[in-house]
Amino acid sequence: MSGLLLRLAGPLQSWGERSAFTPVRETAPFPTRSALVGMFAAAEGIARGDTAGLTKYEQVRLTVRIDRPGTLLEDYHTVGGGFPKERTAATSGGSNKDAAVITRRQYLTDAVFVVAVTAPDDLTAQLAAALRRPCWAPYLGRRSCPPDEPFLLRRYVDDPESELLTGVPLTVPEPRDAAGQTVAVQFLRERARPQSSPGAAADVIEINDMPVSFAPHGRAHSGRRLYRTVEPVSRALAGPQKSLLTRLIDYAYAEEQA
């Protein structure tokens, strides 16, 4: 097993969880498995209706480090207002609504997540190649939310989960107090940590975001369990925000120079 590291950052992110085709399009407070698997499949050119093509991603384990949770933003949308009936939004019965369709779409602003993607070596290589030269461009939950660079931090890491604790720069300023060598950071894991590990005590979250099918008229998901922990991360990974981009680029390109 090996893996890669992704940094999900940008002005806006939106990780739909349970609100498809409803007036309020909510966002989960973290990247969902459905969205990340969809990102991988899109990068590899797997069509939405290719349900069999998704089975290989069952081998993938995802760990999310929440550097910055962001701020919830709700955007008010209208579609079709002020037009004749025949030009308003269509209904499922084949007619037209004869009125504007109103939705409220939620986003996370200025959020930053770092994701450790652990998989068998051959699948890690496939994903790394696809994400570096994607068939369809990655986005942060919605097409209107492109990721910042650097996006693919490392393409091959022996233990990407440990790298979240010891290697990847934090998008948080270094604490002003001189005491302590660590910073408390929130993690979301798909398997519980050993009880002897720092920060092992976890809140258990049930979420319905395991993709079964992305078919446009047959989307389906199943449930999974997440373990939310607060863990100590090396203080050395934090630092002045004005040098953050330099630190991230240095970290990402260190792999190229090794």
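The values are calculated or read from the model by the stated rules, or taken from the named source; none is laboratory data. Since we're looking at a predicted model, the values are computed, not measured. Cβ atoms come from the backbone with ideal geometry, glycine included; neighbour counts cover every protein chain shown.
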Near pairs, Cβ below 8 angstrom, 6+ apart or cross-chain, from the range 206-223 (surrounded by fewer than 11 Cβ atoms within 10 Å (Cβ to Cβ)) to any residue that is not in a strand (DSSP E or B)
216/48; 216/49
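Just for the range 196-205: of the residues that are part of a strand (DSSP E or B) and of a type in the set (A, V, I, L, M), which one is surrounded by the fewest Cβ atoms within 10 Å (Cβ to Cβ)?
Looking at the filtered set, the residue picked out is 204.
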In the range 125-166, what count of residues is obtained for those that are more than 13 Å from the chain's Cα centre (by Cα), surrounded by 19 or more Cβ atoms within 10 Å (Cβ to Cβ), more than 21 Å from residue 56 (Cβ to Cβ) and not charged (D, E, K, R)?
3
Quick check: is even one residue across the range 164-172 over 29 Å from residue 47 (Cα atoms), modelled with pLDDT under 90 and out of contact with any Phe, Trp or Tyr (no Cβ under 9 Å at 6 or more places or on another chain)?
yes
Residue count, the range 38-71, condition in contact with a helix residue (DSSP H, G or I) (Cβ under 8 Å, 6 or more places away or on another chain) and polar (S, T, N, Q), comes to 2
Over the range 61-85, the set of residues at pLDDT below 75, touching a strand residue (DSSP E or B) at 6+ places or on another chain (Cβ under 6 Å) and surrounded by fewer than 14 Cβ atoms within 10 Å (Cβ to Cβ) is 79, 85
Condition met for residue 193 (in a loop (DSSP other than H, G, I, E, B), surrounded by 12 or more Cβ atoms within 10 Å (Cβ to Cβ) and modelled with pLDDT under 95)
yes
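Taking the criterion of being closer than 30 Å to residue 234 by Cβ and not aliphatic (A, V, I, L, M), would at least one residue in the range 93-103 satisfy it?
There is no residue in the range 93-103 that is closer than 30 Å to residue 234 by Cβ and not aliphatic (A, V, I, L, M).
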Selected residue [more than 30 Å from residue 241 (Cα to Cα), of a type in the set (Lys, Arg) and under 24 Å from the mean Cα position of the chain (by Cα)] from 65, 104, 87
104
Just checking, which of 254, 184 is in a strand (DSSP E or B) and of a type in the set (Gly, Ala, Ser)?
184
Going through the range 233-249 in order, the residues found to be surrounded by 14 or more Cβ atoms within 10 Å (Cβ to Cβ), part of a helix (DSSP H, G or I) and not hydrophobic (A, V, I, L, M, F, W, C) are 235, 247
Where the second residue is in a strand (DSSP E or B) and charged (D, E, K, R) and the first is closer than 16 Å to residue 64 by Cβ and lies in the range 145-161, which pairs have Cβ atoms under 6 Å and are six or more apart or on separate chains?
153/7
Inside the range 206-254, can you point out the residues that are touching a strand residue (DSSP E or B) at 6+ places or on another chain (Cβ under 6 Å), under 14 Å from residue 172 (Cβ atoms) and among the basic types (Lys, Arg)?
235
